[in-house]
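To start, the structure under review is shown below, and the notes come after it.
The values are calculated or read from the model by the stated rules, or taken from the named source; none is laboratory data. Given the structure is predicted, the values throughout are model-derived calculations rather than measurements. Using ideal geometry, Cβ is built from the backbone for each residue, glycine included, and neighbour counts are taken over all protein chains shown.
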Amino acid sequence: MHINGRVCEGEVEPRTLMSDFIRHQAGLTGTHVGCEHGVCGACTVQLDSEPIRACLMLAVQGNGRALRTVEGLAGPDGALTALQRAFTEHHALQCGFCTSGFLMTADALLRRQASDPNPAPLTEAEVRRELAGNLCRCTGYEGIVSALLDVLGTAS
Amino acid sequence: MKPAPFAYAAAQSVDEALALLSEGGEEARPLAGGQSLVPMLNFRLARPALLVDLNPVDELAGIAVPEDQSLRIGAMTRQASLLRSAVVGRRWPLLTQAVAHVGHAATRSRGTIGGSVAHADPKAELPVALTALDARFRVRSRERGARTLAAAEFFAGPFTTALRDDELLVAIEVPAPPRHTRMAFAEYARTHGDFAVAGVAVVVAPGGHAALALLGADAVPVRAHAAERALRDGAAAPEVARLAAAGVADDHRRALISALTERALRTLSS
């Protein structure tokens, strides 16, 4: 499969989860594993541009597919995206464990808004609802919500 | 938190999936979107010997409106596809409203309609919405051929359906709504995207059609027949709500179903 545009090959047992393949075989440890049953959102990555839970997909199901992880967000020169910069500016993280999952969820939302010819501006309540599948136990979400609202405002 | 070992087969067609399920017997499980089955594998609550992956089976995915103007949803249609479908939003808005409550963007991208239905979680939204819409469930097996079941026949209990080990849910058929049908879905969940504590799906059409299906009243989706009769007879919303909730034993759920019925009736969309 392709991960962040790079070919990743490996032989796995059928029971190997995508989250474990990404971390242990592709060596991309930016994707974090929290609850491992689809509740916390820490392992969120993008499969063909759609956000998915990497812990709820088998690695074998990724055969021939294109995956994007948090390492694929920044440019080749390491330049952070507007979303990543907003996360630092708005103090949207403390311990950082949930951050890559939030970034991949929020990045997919931004892409969906950008591809919509007539995107309806998202209210704060709607942004909170879009982020409801990702848990953060540090920040109380305020910084994360304001970071995303900031980028949505700048982007539109 | 890792699955027990299993054999894996990626089916390329419905016939191949049916053959694999038939040969695997009760030790084989079909894998749809995996948003419920994979957590059960990770917890080792499910330990199938063989997983038959339906994801490569293109003929199982897709939303179609045949000539009779009904809706045909392939079992492997993603929840995200249903949510984005313009024709569903226009003619079956109840399904659009219900699926918006199912999980999150990162689970709807993989989760399927057939998976939600066949998993038969008593707190799931789609089975209740489909029950209100008089949906029919098309199932197939290699030995037994095809059969079509109504919701009351399909949902047999919590996490239990009429599907036999070698049978596969292939499609869900929703009849064309009469002209000027109005529909609404309302639910209460502790957090957005969580399974609902209670919910109500309402369908009303001029000329005396009314359907009201309840989530949280029983272990399977149920129709509130007395409330439907009252709705057809033009009863006021509080009376319909009282009748809808009357048979619910638990005080909290009875209060929720009553309030949600009134809310759904207020927000009926055309």
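Overview of values
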quantity	calculated
Any chance A:Cys95 is surrounded by fewer than 12 Cβ atoms within 10 Å (Cβ to Cβ), out of contact with any strand residue (DSSP E or B) (no Cβ under 7 Å at 6 or more places or on another chain) and away from chain B (no Cβ under 14 Å)	yes
Scan of region A:7-22 for residues that are within 13 Å of chain B (Cβ to nearest Cβ) and either crowded, with 17+ Cβ neighbours inside 10 Å or β-branched (Val, Ile, Thr) (or both), ordered by number	A:Val12, A:Pro14, A:Arg15, A:Thr16, A:Leu17, A:Met18, A:Ser19, A:Asp20, A:Phe21
Which numbered condition B:Lys123 misses (of (1) surrounded by 19 or more Cβ atoms within 10 Å (Cβ to Cβ); (2) within 15 Å of the chain's Cα centre (by Cα); (3) basic (Lys, Arg))	(1)
Positions within region B:64-107 being away from chain A (no Cβ under 13 Å), assigned to a loop (DSSP other than H, G, I, E, B) and either of a type in the set (Ser, Thr, Tyr) or touching a Lys or Arg at 6+ places or on another chain (Cβ under 9 Å) (or both), in sequence order	B:Val65, B:Pro66, B:Gln69, B:Ser70, B:Ala75, B:Thr77, B:Ser85
Checking A:Gly10 against (1) closer than 18 Å to A:Leu73 by Cα; (2) more than 14 Å from the chain's Cα centre (by Cα), the condition it does not meet	(1)
Answer from B:Arg136, B:Arg179, B:Arg142 - the residue that is over 19 Å from B:Gly33 (Cβ atoms) and at pLDDT below 95	B:Arg179
Test: residue in region B:37-44 that is of a type outside the set (Gly, Ala, Ser), at pLDDT 95 or above and at positive phi	yes
Which numbered condition A:Val60 fails, given (1) out of contact with any Pro (no Cβ under 8 Å at 6 or more places or on another chain); (2) in the same structural domain as A:His24 (by TED's automatic domain parsing); (3) of a type in the set (A, V, I, L, M); (4) in a helix (DSSP H, G or I)	(1)
Top-ranked residue in region B:179-228 [being among the charged types (D, E, K, R) and either more than 30 Å from A:Cys40 (Cα to Cα) or crowded, with 20+ Cβ neighbours inside 10 Å (or both); ranked as farthest from the other protein chains (Cβ to nearest Cβ)]	B:Glu228
Output for region B:231-258, where each listed residue is touching a residue at least 40 places away in the same chain (Cβ under 8 Å) and surrounded by 13 or more Cβ atoms within 10 Å (Cβ to Cβ)	B:Ala244, B:Arg253, B:Leu256, B:Ile257
Failed item, numbered, when B:Ala86 is tested on (1) out of contact with any strand residue (DSSP E or B) (no Cβ under 9 Å at 6 or more places or on another chain); (2) buried (at least 21 other Cβ atoms within 10 Å of the Cβ)	(2)
Listing of strands (runs of 3 or more DSSP E) fully contained in region B:5-59 that carry 1 or more residues being buried (at least 21 other Cβ atoms within 10 Å of the Cβ) and of a type in the set (Val, Ile, Thr)	B:50-53
Tally, over region B:193-204, of residues that are over 14 Å from the mean Cα position of the chain (by Cα) and either modelled with pLDDT of 95 or more or of a type in the set (Phe, Trp, Tyr) (or both)	5
Condition check for B:Ala176: more than 14 Å from the chain's Cα centre (by Cα), surrounded by fewer than 22 Cβ atoms within 10 Å (Cβ to Cβ) and among the hydrophobic types (A, V, I, L, M, F, W, C)	yes
